[in-house]
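The values are calculated or read from the model by the stated rules, or taken from the named source; none is laboratory data. In this text the structure is predicted, and so the values were computed from the model without any measurement. Glycine also receives a Cβ, built like all others from the backbone with ideal geometry; neighbour counts cover every protein chain displayed. These area figures cover heavy atoms from the full protein model, side chains too; ligands, DNA and RNA do not enter into them. Shrake-Rupley method; radii C 1.70, N 1.55, O 1.52, S 1.80 Å.
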Amino acid sequence: MTSKKKSKKVPHEDTNEVTDDNAASENVYLRQEIARSPAYSTVYLSQDLNDRDIEYVVEEAVIKKQCRVLQLTRCKVTFTGASILANALNNTENILEELQLLDNRIGDDGVLHLAKVLSINENNLKVLDLTTNRISNVGAKYLAEMIQTNERLTALHIAGNEIGNQGIQMIINAIQYHNRTLEELDFCTNRSVDDDVVDDLIQLMKHSQTLKRLFLFNCNLSQNGKDKLMKMQKKIDNFWLMV
């Protein structure tokens, strides 16, 4: 009778175990940060978050804690995470007024998810910060389309992206001809934006009924272009321009 030898357990690297441990660690961080945030206030997170983590944030911070401000800074949020956040904005159980996604990776596809939801005005969002998110003219087009119908947003931050003149012109036109709520536009450090948009910006400053703050420093404007904008600023009461 042949006896079967018991196989010896050899230590090895188990990828799934490592992943589970990491996920558990991240969940501890999320629980701690969200737990220490008072209800109806700000929840600030700055650690890498996967899509499951974003779902947890939505459930615990946006819906249960009813946070008014959600700030996810350098969390590596992707377009999938942006889609999850967009679904949360479409949920009437939240009171979120400010969504800050600074230095993430949502890209044009992520912008599309957010823009679709913000176009239908069934949320409370007033401030959208998409600074440094790999957004191109394609994403700017989605934002411009959203701005045409949105009636709640007062501030849009799209600094540090890859938007050029065409994208900025679409946004300018949407604000000037269709929007009645936006007060602040920040597109600093979009290095492809140059003097070709200066005349459009002057018309925006002159005719927009609501815009009061415009930030565009560290773009590719010449000194002459900046001077023209500053000259127009002096003709407008209570207008804040940073070039």
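The angle between the Cα long axis of helix 79-89 and the longest principal axis of the Cα atoms of the chain comes to about 70 degrees, rounded to the nearest 10.
Candidate values (1) 32; (2) 17; (3) 59 were compared with percent of Cα pairs over 31 Å apart computed on the shown model; the agreeing label is (1). For the chain, the longest principal axis of the Cα atoms and the long axis of helix 107-118 meet at an angle of about 70 degrees. Using the Kirkwood formula over every pair of different C-alpha atoms, what hydrodynamic radius in Å results for region 115-190? Answer for region 115-190: a Kirkwood hydrodynamic radius of 12.1 Å. The figure for residue 95 is an accessible area of roughly 40 square angstrom, using a 1.4 Å probe on the protein chains alone. Contact order for region 55-186, expressed relative to its length and based on alpha carbon pairs under 8 Å spaced 6+ residues apart, stands at 21 percent. Listed values for region 148-162 are Karplus-derived 3J(HN,Hα) couplings in whole Hz (6.51 cos²θ - 1.76 cosθ + 1.60, θ = phi - 60°), namely 5, 10, 5, 10, 10, 5, 10, 9, 10, 10, 10, 5, x, 10, 10, and x replaces Gly and Pro.
From the alpha carbon centroid of region 167-243 to that of region 39-69 is 33 Å. Each 10 Å bin from 0 upward holds the following percent of the Cα-Cα pairs of region 52-112: 24, 60, 16. Neighbours of residue 125 by Cβ distance under 15 Å: Lys/Arg scored +1, Asp/Glu scored -1, total -4. Specify the angular offset, from 0 to 90 degrees and rounded to the nearest 10, of the alpha carbon long axis of helix 165-178 from the longest principal axis of the alpha carbons in the chain. The helix 165-178 is inclined about 70 degrees to the chain.
As a length-normalised measure over Cα pairs under 8 Å and 6 or more apart, the relative contact order of the chain settles at 11 percent.
Within a Cβ distance under 12 Å of residue 72, other residues only, what is the Lys/Arg minus Asp/Glu net charge?
So the environment of residue 72 carries a net charge of -3.
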